[in-house]
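Notes follow once the structure below has been shown.
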């Protein structure tokens with residue numbers, strides 16, 4: 001499986017508001033609001049300004065949370081990145 005690189009939305013494009021178990025993400029560019037659960041907000045936060053793929057993202061999240069960045073985690077993160085791209089919250093780099 002190819003580790004596709006994605007880029008997060010530019011600074012200020014998204015307004016992210018925690019709502020208990022849910023998080024509302026308002027995309028100022030499309031004027032759409034998305035309701036998501038963890039780990040979507042954490043993924044967006046860990047992406048930063050540079051393009052990254054699932055392997056890089058797994059390493060960044062493993063440094064913050066208590067898990068290792070093995071292949072299973074990378075596979076799950078690749079799926080989540082694809083979902084975020086489908087929502088328009090990240091784009092392929």
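Values in this text are rule-based calculations from the coordinates and carry no lab data. Predicted model, so just to flag it, every value in this text is computed and none were measured. In this analysis, Cβ positions are derived from the backbone assuming ideal geometry, glycine residues included, and neighbour counts consider all displayed protein chains.
The residue that is farthest from residue 79 (Cα to Cα), counting only those in the range 6-15 that are surrounded by 12 or more Cβ atoms within 10 Å (Cβ to Cβ) and touching a strand residue (DSSP E or B) at 6+ places or on another chain (Cβ under 6 Å), is 14.
Restricted to strands (runs of 3 or more DSSP E) entirely inside the range 16-93, those with at least 1 residues that are in contact with a strand residue (DSSP E or B) (Cβ under 6 Å, 6 or more places away or on another chain) and over 23 Å from residue 3 (Cα atoms) are 22-27, 32-36. Do we have residue 41 as within 14 Å of the chain's Cα centre (by Cα), closer than 16 Å to residue 93 by Cα and without any contact (Cβ under 8 Å) to a residue 40 or more places away in the chain here? Criteria not met by residue 41.
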